[in-house]
Amino acid sequence: MRRLLGLTAGLALAAGTAAEAHPHVFIDTGLELVFDGSGVLTGVRVTWSYDDFTSLLVLEDRGLDPDHDGVLTAEELAVLDGFDMNWDEGWPGDLYLKAGGEEIGLSRPVAHDARFENGRIVTTHLRELDRPVAMEGTEVVLAAYDPTYYVAYALSLPTGFQGRADCRGEITPPDLTAANQKLLAAMAELSADETLEDYDLPPVGEEFADRLTVTCVAPF
């Protein structure tokens, strides 16, 4: 995600030394499940609301909002739209979906937009499932996380359902005590002159991930 933002230098300065807290980018996340006309799950619309500091860096990097009035023109929004959609081939988009315990792949974004609200950049993109999922009798679990934990995602924005009214979602927070113990154990392996960027930390991001479990209760 860091290189996708195009802010490697600025974010590296924010990162500081290995002794400082990890992660460095914080994204409030919302998920909307999209169903087709027969009630089958076909896509997920993802909303990312970037923290104030990252939003400021992105704007400054692109020369947007030079008067700092917190309002972007239509032309500036057009520049902003898609800034975080330049994904490397094979990058999973920090979103993982399982249906009935089986991992289902997701497409690259097929549509996206961007806006600026209350000092924060908010972007939305739609991803299609590699194969549709019939929800009856099936539990779908989604998790948003950066395996390296450079970026922290929180499922703190509303969960939505497009195309069905009989579905419910329940968010399970991570076991932060266990997750922090794993992270601290990994950081303890760092030498005094190493940074987190130099060191191959284990993929602890999954340990810090919220999980959204979705079920639909009635035949469509």
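Each value in this text was obtained by applying a stated rule to the coordinates, not by laboratory testing. Just so it is clear, the structure is predicted and the values come from calculations on it, not from any experiment. Positions of Cβ are backbone-derived with ideal geometry, glycine not excepted, and every protein chain shown enters the neighbour counts.
Report the equivalent ellipsoid semi-axes for segment 115-170 in whole Å, largest first, defined as the square roots of five times the eigenvalues of the gyration tensor built from alpha carbon atoms.
On the way: eigenvalues 128, 54, 30 Å².
Largest first, segment 115-170 gives 25, 16, 12 Å.
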Under 14 Å, Cβ to Cβ, from D52 - net charge with Lys/Arg +1 and Asp/Glu -1:
-4
For a quick check: with amide H placed at 1.01 Å from N, whose amide H comes under 5 Å from A152's, ignoring anything fewer than 5 positions away on the same chain?
H24, V25, F26, I27
Amide H neighbours of Y145 under 5 Å, at least 5 residues apart or on other chains, H built in the peptide plane: list them.
L95, Y96
Quick one: which residues, 5 or more positions from I104 or on another chain, have an amide H under 5 Å from its amide H? H modelled 1.01 Å from N in the peptide plane, none for Pro or chain starts.
L97, K98, A99
Pairs of Cα atoms farther than 28 Å apart, segment 26-158, %:
22 percent
Peptides ranked, highest mean first, by Cβ atoms within 10 Å: ranges 176-185, 28-37:
28-37, 176-185
